[in-house]
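Each remark here refers to the structure printed beneath this line.
The values are calculated or read from the model by the stated rules, or taken from the named source; none is laboratory data. Computed from a prediction, not measured in an experiment: that's the story for all the values here. Cβ atoms come from the backbone with ideal geometry, glycine included; neighbour counts cover every protein chain shown.
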Amino acid sequence: MITKVNKQRIYQIFKTLQGEGAYIGLPVLLIRFASCNLRCKFCDSYENWSNPGKDFSPEELINYILTNNIIDSVQNVSYELNDYLLMFTGGEPLMTEDRQAFIVEVSKLWNEYSGKDFVIIETNGTNPIIDDLVYCNNIKFHFSISPKEMRYQHKYVDTYPKLVDQLNNMNVNNISLSLKFVYESSQTQEFILTLVEKVRNKAVGIFVMPEGATREKQLNNSYETLLFCAKHNLIFSPRLHILQDFKEKEFIG
Ligand code: SF4
């Protein structure tokens with residue numbers, strides 16, 4: 001059991017609409033950690049690798065959110081601050097036990113302020129999770145696991161999403177998970193299908209998104225991705241933040 005929560009380095013905080021996967025369209029307060037244990041060649045937040053940003057305790061982070069006018073990447077929405085779900089993303093949110101304990105504390109504080117008891121964690125799934133995160137009484141965590149292929153790493157590292165096995169074996173009611181794959185080409189298919197086989201009978205949403213950091217690339221890759229989803233009974237997900245060009249982001253530090 002971890003009792004001490006160390007400060008963690010945060011790189012970005014902004015309000016937006018979730019652009020992909022199981023909770024697409026919902027208003028989220030996105031908190032991006034600095035640094036990641038992987039080095040994906042297609043990473044769209046690679047700036048985080050150099051560990052930029054500012055260190056916050058859980059209390060300091062919530063205080064920052066409540067006392068600053070946090071930028072909204074989507075114009076003309078009329079949500080109040082307490083309408084937003086917390087969403088942690090990377091850099092890798094689950095990279096260390098310290099970081100996971102930090103997520104639990106921030107989530108509890110956000111729950112006290114907003115009444116929201118549901119928190120989304122976007123993760124590459126390569127790190128095991130601590131009990132405090134799985135058995136948290138007040139909060140239901142959703143793990144949106146985005147497995148990465150080894151062939152896309154700069155170095156040879158194991159990218160198998162161990163979290164899938166760990167969560168599948170737990171049978172805990174207050175957590176949920178979904179898988180979110182990026183479809184690049186037919187070369188990706190075997191990787192996706194091998195992992196899908198492991199969770200096919202579980203209550204897990206499996207989403208496949210077209211690869212592409214620009215609107216044009218997204219649209220070009222969409223049809224092949226759609227056909228793959230249709231053939232294997234998977235859910236196609238667009239990446240709205242790219243298609244709609246959600247640009248505004250607040251960088252910390
Ligand atoms: S796991 Fe995500 S944040 Fe980390 S390098 Fe890969 S794409 Fe970037």
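For the range 33-74, residues that are assigned to a helix (DSSP H, G or I) and either within 9 Å of the ligand (Cβ to nearest atom) or surrounded by 12 or more Cβ atoms within 10 Å (Cβ to Cβ) (or both) total 13.
The sole residue among Leu94, Leu86 that is within 16 Å of the ligand (Cβ to nearest atom), modelled with pLDDT of 95 or more and buried (at least 19 other Cβ atoms within 10 Å of the Cβ) is Leu94. Selection over the range 220-242 of residues that are of a type outside the set (Val, Ile, Thr), assigned to a helix (DSSP H, G or I) and touching a Gly at 6+ places or on another chain (Cβ under 8 Å) gives a count of 4. Of all the listed residues (Val104, Val119, Val77), the sole one being in a strand (DSSP E or B) and either away from the ligand (no atom under 16 Å from the Cβ) or modelled with pLDDT under 95 (or both) is Val119.
Filtered by the rule that a residue be among the acidic types (Asp, Glu) and in contact (Cβ under 8 Å) with a residue 60 or more places away in the chain, the range 31-51 gives a lone residue, Asp44.
For (1) surrounded by 18 or more Cβ atoms within 10 Å (Cβ to Cβ); (2) in a loop (DSSP other than H, G, I, E, B), each residue gets a yes or a no:
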| residue | (1), (2) |
| --- | --- |
| Ile129 | yes, yes |
| Phe143 | yes, no |
| Arg151 | no, no |
| Val164 | yes, no |
| Ser176 | yes, no |
| Lys180 | yes, no |
